[in-house]
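S.K.: Below is one structure. I have some questions about it.
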Amino acid sequence: MAQQTSSGTWFSMLQHHAREHSKSLLGLFVAIAVLFWLWGLATENPSEQQSRIVLLAMLGGCAGFISTTLGAVPVMFMKRLATRTEDVMLGAAAGMMLAASFFSLLQPGLEAGELLTGSAFLGGLLVIAGMTIGVLLMLGLDAFTPHEHFSTGPCGPGADRCAKVWLFVFAIALHNLPEGMAVGFGFSQGDISVGLPLATAISLQNLPEGLAVAMSLRAIDIKPMHALLITAATGLLEPLGALISICLVGGSEIAYPIGLGLAAGAMIFVVSHEVIPETHRNNHQTTATIGLMVGFALMTILDTAL
């Protein structure tokens, strides 16, 4: 296909893609509208301990960035990673993300929702509403962000015109942004017991994920140092996502359970839509599933201990 980069051509391409994915586009608009509503509530109800909360959230987000970078460091000394090993590592990361979603996001969200509404049912509806928004947001971003799937290849508008390295970068961004937002929501009420296990889980799972990303970049002939720097740069979305979450919650009581549900929905979507299919693409389903269970068990213990 000829490479045409005029603004009219790109706009026509985007219009065509929007017509083909109209439901995803509608869901994205709904999710963005809710995010603006939450931001409005946050600005009307600023938190009394905002500076402390921002500091905690940024520390948690920066921990995710650092662990992503550290996980990618072995790319300087390794030429390749065995596919079975990579699938086990990604499976463990998926298990930790799932456990964090349940124990560090959904459970405190349900408790906060019940405390706010006086009803377990209504509190649950708030969390489910947040999960729905998180899924709609990720569906929309997945549909309209050009990126690379290992199993199905490039997707999104203009994917055939983007360099392969940028497709990987955008794919990792879709992973890291909701993780950073989850950390931010976890610390948004200044509760260490919610934010610390979540930040710990995200940081731990970023270690194998960072290595897998860096080795994938090496597989498309990216130099080791460049692979390390690109992987580290994608990790910067973690503190950015944490900061966004703080801006969306503030001191609003109703935004807290909705935000926790939103982060959980986004993370579970990423695990089901991206990570698990990647671990199964090389017929290593059994070992990848064992890795997932080990990661889930590890996060369960950490959540209890912390």
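S.K.: With θ set to phi - 60°, apply the Karplus curve 6.51 cos²θ - 1.76 cosθ + 1.60 along region 234-247 and write out the HN-Hα couplings as whole Hz, x wherever there is a Gly or Pro.
M.R.: 5, x, 5, 5, 5, x, 5, x, 5, 5, 4, 4, 4, 5
S.K.: Now, a different point. Placing unit charges on C-beta atoms (Lys and Arg positive, Asp and Glu negative, everything else neutral), compute the dipole magnitude of the chain about its Cα centre in debye, rounded to 20.
M.R.: Working: 11 positive and 19 negative charges, 176 e Å.
I would put it at about 840 debye.
S.K.: If you plug each phi of region 277-286 into the Karplus form 6.51 cos²θ - 1.76 cosθ + 1.60 with θ = phi - 60°, what whole-Hz ³J(HN,Hα) values come out, in order, with x for Gly and Pro?
M.R.: With the stated coefficients, region 277-286 comes to x, 5, 6, 9, 6, 10, 6, 10, 4, 5 Hz.
S.K.: Distances longer than 15 Å among the Cα atoms of region 29-73: what percent of all pairs is that?
M.R.: Values: 636 of 990 pairs.
Of the Cα pairs, 64 percent sit more than 15 Å apart.
S.K.: Apply the Karplus parameterisation 6.51 cos²θ - 1.76 cosθ + 1.60, with θ equal to phi minus 60°, to every residue of region 189-199 and state each ³J(HN,Hα) to the nearest whole Hz, in sequence, with x for glycine and proline.
M.R.: Once rounded to whole Hz, the list reads 9, x, 8, 4, 5, 8, x, 5, x, 5, 4.
S.K.: With each run of n ≥ 4 DSSP H residues scored as -39500 (n - 2.57), what mean residue ellipticity at 222 nm is computed for the chain after dividing by its residue count and rounding to the nearest 500 deg cm²/dmol?
M.R.: Details: 13 runs with 232 residues, N = 306.
Computed ellipticity for the chain at 222 nm equals -25500 deg cm²/dmol.
S.K.: A follow-up question, please. Only loop residues by DSSP count here, and only those with at most 13 other Cβ atoms within 10 Å; note down the chymotrypsin sites (Phe, Trp or Tyr not before Pro) in region 21-94 that meet that. Walk me through the intermediate numbers first.
M.R.: Working: sites: Phe29, Phe36, Trp37, Trp39, Phe65, Phe77; in loops: Phe77.
Within region 21-94, the qualifying chymotrypsin sites (Phe, Trp or Tyr not before Pro) (loop, at most 13 other Cβ atoms within 10 Å) are Phe77.
S.K.: To continue, here is another question. Label points 7 Å out from Cα along the Cβ direction at Asn283 and Glu48: separation in nm?
M.R.: Using points 7 Å along Cα→Cβ, the separation is 6.3 nm.
S.K.: Could you work out the local net charge near Thr68, counting Lys and Arg as +1, Asp and Glu as -1, over the other residues with Cβ closer than 15 Å to its Cβ? Please list the in-between numbers first.
M.R.: Values: positive: none; negative: Glu179, Glu209, Glu238.
Charge balance in the 15 Å sphere: -3.
S.K.: Based on the Cβ-Cβ distance from Glu253 to Phe29, what FRET efficiency comes out when R0 is 35 Å, to the nearest 0.05? Don't skip to the end; give the middle numbers.
M.R.: Details: r = 26 Å, r/R0 = 0.75.
Calculated value: 0.85.
S.K.: Quick one: among Ile276, Ile220, Ile254, which has the greatest mean-square fluctuation in a GNM of the chain with alpha-carbon springs under 10 angstrom?
M.R.: The residue that fluctuates most here is Ile220.
S.K.: Name the residues of region 46-78 whose amide N is less than 20 Å from a point 7 angstrom out from the Cα of Leu229 along the C-beta direction?
M.R.: 65-78
S.K.: Want the number for Asp221 to Gln15: 0.36 nm per residue separation, take away the alpha-carbon distance, what's left? All intermediate terms of the calculation are to be shown ahead of the outcome.
M.R.: Working: separation 206, 0.36 × 206 = 74.16 nm, distance 3.34 nm.
Fully extending the segment from Asp221 to Gln15 adds 70.8 nm.
S.K.: Given a cut-off of 38 Å, what percent of all Cα-Cα pairs of the chain lie beyond it?
M.R.: Working: 5699 of 46665 pairs.
Cα-Cα pairs of the chain separated by over 38 Å account for 12 percent.
S.K.: Starting from the Cα of Lys79, draw a straight line to each of the lysines and keep only those under 30 Å, dropping any in the same chain fewer than 8 residues away.
M.R.: Qualifying lysines at Cα under 30 Å: Lys164, Lys223.
S.K.: Next question, about the same structure. What is the calculated FRET efficiency for Ile192 to Thr117, with r their C-beta to C-beta distance and R₀ = 22 Å, to the nearest 0.05? Don't skip to the answer; put the middle values down first.
M.R.: Numbers: r = 25 Å, r/R0 = 1.12.
That gives a FRET efficiency of 0.35.
S.K.: Most fluctuating residue of Ala163, Ala82, Ala92 in a GNM of the chain with Cα springs under 10 Å: which is it?
M.R.: Highest fluctuation of the listed residues: Ala82.
S.K.: Test of understanding: in a Gaussian network model of the chain with alpha carbons linked when under 10 Å, which of Gln107, Gln205, Gln49 would top the mean-square fluctuation ranking?
M.R.: The residue with the greatest mean-square fluctuation here is Gln49.
Every read-out reported here was derived from the displayed coordinates using simple, explicitly stated rules and does not represent laboratory data. No experiment lies behind these values; they were computed from the predicted model shown. Reconstructed Cβ throughout: ideal geometry from the backbone, glycine too, with neighbour counts over all protein chains shown.
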